[in-house]
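Chemist: One structure coming up, written as structure tokens, with questions to follow.
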Amino acid sequence: MKNLITRFTVIVMAFAIVMACSDDDSIPQNPIVKITGTSLNFGNVDVTESSQVRSYTIAAEDLSSPINISVEAPFYLSLDANGEFANSVSLSPDDFGNEATPVFVKFEPSSSDEGLMEKEIVHVSEDRDNIPNISVSGVATIPGEAMVTPDKASIEFGDVVIDQVSEIQSYILSGSELEGDIALEVTGPFTISATEDGEYSNLLSLSASDVIDNKVIYVRFEPTEEGDTTGTISHSSDDFDETVEIALSGTGEPLPAVSIGVTPTSLDFGAVPMDQSSEVLSYTLSGRGLNSEVAIEAPANFMISRATDAEFSEILTIPVEDFSSEVEIFVRFDSTGETGEKTGEITHTSADVEMIESVLLRASTLSAETKLFIEDFDYTAGAPLPSTDRTGDGTQNASMDGWLKVRAANTDIPVIDDGLSYDGYPGSGVGNAVFLDMDEPGSNSNVYAHNLSQQQNNEFAGAYYTSFLLKVDALPDDTGGGFNRTVMMVDWMPNGATKFLSSVQVNYNAGNPKIGVMYEGAFSLTDITPEVGETYLIVLKHNVPDADQANSNNSASVYIFEEGGLPAMEPEEADATIDIAETGDEFFVKAVTVVRDNSFSGAYVVDGIRVATLWNDLFE
């Protein structure tokens with residue numbers, strides 16, 4: 001009997017120990033901190049003036065200690081876009097809820113600052129080591145003084161075999177108070193271009209407007225001799241006295257007695273609809289001291305040829321006598337099989353050379369259906385936008401038809417008879433429109449979502465383009481964060497709510513309103529000030545370069561067009577772009593939404609929504 005009592009006592013004590021250890025404070029925590037974005041660039045700002053306010057977001061779980069955030073002058077931080085800014089702020093564990101917390105940043109150069117300024121926003125917490133920093137930069141300009149400022153003082157290319165071309169590097173050139181052209185001149189075996197895939201030379205001329213809007217300059221190293229080499233890129237203009245220079249350096253490596261050079265070593269065909277062929281790209285082979293032929297083999301879905309109008313196949317053989325000059329190889333992607341990203345490499349073999357560089361290939365097969373959504377709001381004017389209340393199940397919501405009212409208890413979004421027109425746009429003057437007028441109280445906010453006919457999955461690589469017509473009836477004020485989203489891409493969360501992804505916003509911007517692109521709490525503004533009553537054609541691009549959800553290379557961009565023609569081709573540069581950090585790559589585009597939220601003063605008419613995976617499909 002005593003043994004039985006003893007065993008019972010031991011069991012009770014063990015149970016008590018287990019229960020005590022189940023207390024949250026006794027379980028080792030693994031705090032999670034996620035930061036959207038890696039950098040913020042404020043462009044040109046006059047000394048003693050303040051930039052527009054930019055932001056990034058922090059999400060955290062299981063913290064017991066604050067996150068202390070700091071940055072050196074002339075950059076300043078705040079937790080309130082309209083509050084006081086300082087060199088440091090702190091977020092306590094209680095500041096983090098279900099949504100990411102925005103941190104606002106501004107650039108305010110002093111009278112002693114001039115030119116490019118670069119700092120790091122540092123995040124420190126006792127609970128978590130190695131929280132990523134945010135790089136911030138801006139150019140301090142002096143009013144009335146013309147200047148150009150590159151974002152780098154030097155570029156190093158490392159070792160490159162002579163008579164070969166290095167990998168392309170780049171820098172950003174910004175300017176202020178300019179009127180005349182800027183002349184760029186390169187010394188040494190280096191060349192420059194205004195576009196990455198354009199013509200490279202030792203001279204380049206840029207207009208003042210090119211540089212004031214910030215211009216990316218691309219640079220290559222093409223050594224012709226062995227050994228260390230230096231050069232410079234000089235920037236001069238009649239507008240300023242002193243030449244601005246960037247130092248260049250690299251080392252020419254000797255050619256082997258027998259070699260085969262490959263240029264370039266990668267080709268990207270982009271997204272191609274199912275059962276179609278891509279445009280033809282090419283690369284070159286240069287041989288030295290060869291005595292044997294070179295065999296070339298392409299992977300599945302990629303075909304090669306010696307001429308654009310000749311037959312394409314997976315295998316080629318190049319006779320040795322053809323290497324008396326460079327050999328151009330043409331490559332095509334045939335979009336077949338499963339949808340999603342397609343990668344591979346073209347291999348080269350020769351009895352004379354043990355290792356020959358391959359050409360890395362990347363492409364994506366899109367569904368044959370590239371037009372994913374069309375909405376002209378051909379509904380009864382004066383009535384709510386027809387919809388079904390969303391459910392508490394995200395998977396179910398993602399399969400439902402028609403518009404879904406996300407905030408079911410809140411005020412409806414109305415249809416109005418103020419349909420918008422834009423010459424040549426397919427949605428112009430068709431049907432009606434919706435009116436996004438955010439009034440107090442907050443229960444007037446709402447989000448209506450419509451699923452796309454083809455939703456993003458973990459195999460997708462390409463882009464989602466959303467075009468629509470926007471008319472501003474009233475601009476936002478500084479309430480509700482000082483902005484209004486209008487059209488937005490979303491994912492469905494497990495609880496049935498929407499995850500906000502990329503969106504187009506109109507931002508109060510301290511009384512200087514701008515149209516911008518937004519992702520969660522982070523945003524980037526264009527230089528375009530919307531005019532009340534003006535109709536704009538807007539394209540929102542949600543870019544997914546590859547199918548790897550573990551990286552952080554997705555981005556969101558906005559393109560804005562005023563009356564005067566349709567953009568037949570996607571412009572090389574967007575009006576504003578924001579990088580989507582690692583926290584954003586794990587979410588998928590499932591639906592497009594119209595949004596009435598945030599600032600109580602903003603009012604907008606939205607019409608003619610189109611969503612496609614190809615730019616030109618928006619305008620057909």
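Chemist: Filter region 127-160 down to the residues that are under 22 Å from Glu72 (Cβ atoms) and either among the aromatic types (Phe, Trp, Tyr) or modelled with pLDDT of 90 or more (or both) and list them by number.
Modeler: Ile131, Pro132, Asn133, Ile134, Ser135, Val136, Pro150, listed by residue number.
Chemist: Moving on to the next point. Of the residues Glu185, Glu226, which single one is in contact with a His (Cβ under 9 Å, 6 or more places away or on another chain), touching a residue at least 40 places away in the same chain (Cβ under 8 Å), open to solvent by 50 Å² or more (accessible area, probe 1.4 Å) and of a type in the set (D, E, K, R)? Can you show your working first?
Modeler: Numbers: Glu226 fails: in contact with a His (Cβ under 9 Å, 6 or more places away or on another chain).
Matching residue, one of Glu185, Glu226: Glu185.
Chemist: Condition test on Val161, is it open to solvent by 30 Å² or more (accessible area, probe 1.4 Å), in contact (Cβ under 8 Å) with a residue 40 or more places away in the chain and of a type in the set (A, V, I, L, M)?
Modeler: Values: open to solvent by 30 Å² or more (accessible area, probe 1.4 Å): yes; in contact (Cβ under 8 Å) with a residue 40 or more places away in the chain: yes; of a type in the set (A, V, I, L, M): yes.
Yes, satisfied.
Chemist: Another question, then. Looking only at region 524-550, how many residues end up being hydroxyl-bearing (Ser, Thr, Tyr), open to solvent by 10 Å² or more (accessible area, probe 1.4 Å) and in contact with a Phe, Trp or Tyr (Cβ under 8 Å, 6 or more places away or on another chain)?
Modeler: Of region 524-550, the ones hydroxyl-bearing (Ser, Thr, Tyr) are 524, 526, 529, 535-536.
Applying the additional criterion that residues be open to solvent by 10 Å² or more (accessible area, probe 1.4 Å) yields 524, 529, 535.
Now drop any that are not in contact with a Phe, Trp or Tyr (Cβ under 8 Å, 6 or more places away or on another chain), which leaves 535.
Residues that pass the stated criteria total 1.
Chemist: Looking at the structure I just gave you, is Asp423 open to solvent by 10 Å² or more (accessible area, probe 1.4 Å), in contact with an Asp or Glu (Cβ under 8 Å, 6 or more places away or on another chain), over 30 Å from Thr365 (Cβ atoms) and not hydroxyl-bearing (Ser, Thr, Tyr)?
Modeler: Values: open to solvent by 10 Å² or more (accessible area, probe 1.4 Å): yes; in contact with an Asp or Glu (Cβ under 8 Å, 6 or more places away or on another chain): yes; over 30 Å from Thr365 (Cβ atoms): yes; not hydroxyl-bearing (Ser, Thr, Tyr): yes.
Considered against the rule, which asks whether it is open to solvent by 10 Å² or more (accessible area, probe 1.4 Å), in contact with an Asp or Glu (Cβ under 8 Å, 6 or more places away or on another chain), over 30 Å from Thr365 (Cβ atoms) and not hydroxyl-bearing (Ser, Thr, Tyr), Asp423 comes out as yes.
Chemist: Yes or no: Ser305 within 28 Å of the chain's Cα centre (by Cα) and open to solvent by less than 80 Å² (accessible area, probe 1.4 Å)?
Modeler: On the way: within 28 Å of the chain's Cα centre (by Cα): no; open to solvent by less than 80 Å² (accessible area, probe 1.4 Å): yes.
In short, no.
Chemist: If you don't mind, another one. Could you list, in sequence order, all residues of region 53-79 that are more than 12 Å from Asp95 (Cβ to Cβ) and not polar (S, T, N, Q)?
Modeler: Val53, Arg54, Tyr56, Glu61, Asp62, Val71, Glu72, Ala73, Pro74, Phe75, Tyr76, Leu77
Chemist: Next question, about the same structure. Scan region 498-518 for residues that are open to solvent by less than 30 Å² (accessible area, probe 1.4 Å) and either in contact with a Phe, Trp or Tyr (Cβ under 8 Å, 6 or more places away or on another chain) or among the hydrophobic types (A, V, I, L, M, F, W, C) (or both) and report the count. Working first, answer last.
Modeler: Residues of region 498-518 that are open to solvent by less than 30 Å² (accessible area, probe 1.4 Å), as a first pass: 498, 501-507, 509, 513-518.
In the following step, the residues that additionally are either in contact with a Phe, Trp or Tyr (Cβ under 8 Å, 6 or more places away or on another chain) or among the hydrophobic types (A, V, I, L, M, F, W, C) (or both) were identified as 498, 501-507, 515-518.
The number of residues fulfilling the criteria is 12.
Chemist: Looking for whichever is over 21 Å from Val148 (Cα atoms), of a type outside the set (A, V, I, L, M, F, W, C) and surrounded by fewer than 21 Cβ atoms within 10 Å (Cβ to Cβ) here; the options are Ser78, Ser110, Ser50. Which one fits?
Modeler: Working: Ser110 fails: over 21 Å from Val148 (Cα atoms); Ser50 fails: over 21 Å from Val148 (Cα atoms).
Just one listed residue meets the conditions, Ser78.
Chemist: Also: Just to be sure, is Ser154 in contact (Cβ under 8 Å) with a residue 24 or more places away in the chain and within 22 Å of the chain's Cα centre (by Cα)? So that I can check it myself, show each step before the final result.
Modeler: On the way: in contact (Cβ under 8 Å) with a residue 24 or more places away in the chain: yes; within 22 Å of the chain's Cα centre (by Cα): no.
When the stated conditions are applied, Ser154 does not pass them.
Chemist: Among the residues of region 56-70, how many are surrounded by fewer than 21 Cβ atoms within 10 Å (Cβ to Cβ) and within 27 Å of the chain's Cα centre (by Cα)? Please lay out each step first, then the result.
Modeler: Within region 56-70, the first condition is being surrounded by fewer than 21 Cβ atoms within 10 Å (Cβ to Cβ), and the residues that meet it are 57, 59, 61-62, 64-66, 68, 70.
Then drop every residue that is not within 27 Å of the chain's Cα centre (by Cα), which leaves 57, 59, 61, 70.
Qualifying residue count for the region: 4.
Chemist: Additional query: Residue by residue through region 363-378, note down the ones that are out of contact with any Leu (no Cβ under 8 Å at 6 or more places or on another chain) and assigned to a loop (DSSP other than H, G, I, E, B).
Modeler: Here is the first cut: in region 363-378, the residues out of contact with any Leu (no Cβ under 8 Å at 6 or more places or on another chain) are 363-365, 367-369, 371, 374-376, 378.
Those that are out of contact with any Leu (no Cβ under 8 Å at 6 or more places or on another chain) and assigned to a loop (DSSP other than H, G, I, E, B): Ser367, Ala368, Glu369, Asp376, Asp378.
Chemist: Moving on to the next point. Taking region 367-410, which residues are over 29 Å from Asn616 (Cβ atoms), in contact (Cβ under 8 Å) with a residue 60 or more places away in the chain and open to solvent by 40 Å² or more (accessible area, probe 1.4 Å)?
Modeler: Hits for region 367-410 are Ser387, Arg390, Gly392, Asp393, Thr395, Gln396.
Chemist: Another question, if that's okay. How many of the residues making up region 86-105 are under 23 Å from Met518 (Cα atoms) and open to solvent by 40 Å² or more (accessible area, probe 1.4 Å)?
Modeler: Final tally of qualifying residues: 5.
Chemist: Can you name the residue in region 333-342 that is in a strand (DSSP E or B) and free of Cβ contacts under 8 Å to residues at least 60 places away in the same chain and is also surrounded by the most Cβ atoms within 10 Å (Cβ to Cβ) among such residues? Show your work before the answer.
Modeler: First pass over region 333-342, keeping only residues in a strand (DSSP E or B): 333-335, 340-342.
Those left that are additionally free of Cβ contacts under 8 Å to residues at least 60 places away in the same chain: 334, 342.
Values: Asp334: 18, Lys342: 24.
Here the answer is Lys342.
Chemist: Ok, one more. Where the second residue is surrounded by 16 or more Cβ atoms within 10 Å (Cβ to Cβ) and the first is at positive phi and lies in region 257-286, which pairs have Cβ atoms under 8 Å and are six or more apart or on separate chains?
Modeler: Note: pairs meeting the criteria are Gly270/Ser278; Gly270/Ala363; Gly270/Ser364; Gly270/Gly462; Asp275/Ser335.
Chemist: Mind counting the residues in region 122-143 that are in contact with an Asp or Glu (Cβ under 7 Å, 6 or more places away or on another chain) and outside any strand (DSSP E or B)?
Modeler: Final tally of qualifying residues: 3.
The values are calculated or read from the model by the stated rules, or taken from the named source; none is laboratory data. Predicted, not measured: the structure shown is a model, and the values here were computed from it. Because the Cβ atoms are built from the backbone with ideal geometry, glycine has one as well, and the counts that use them run over all protein chains shown. When the accessible area is computed, the model is the full protein with side chains, heavy atoms only, and any ligands, DNA or RNA have been set aside. Shrake-Rupley method; radii C 1.70, N 1.55, O 1.52, S 1.80 Å.
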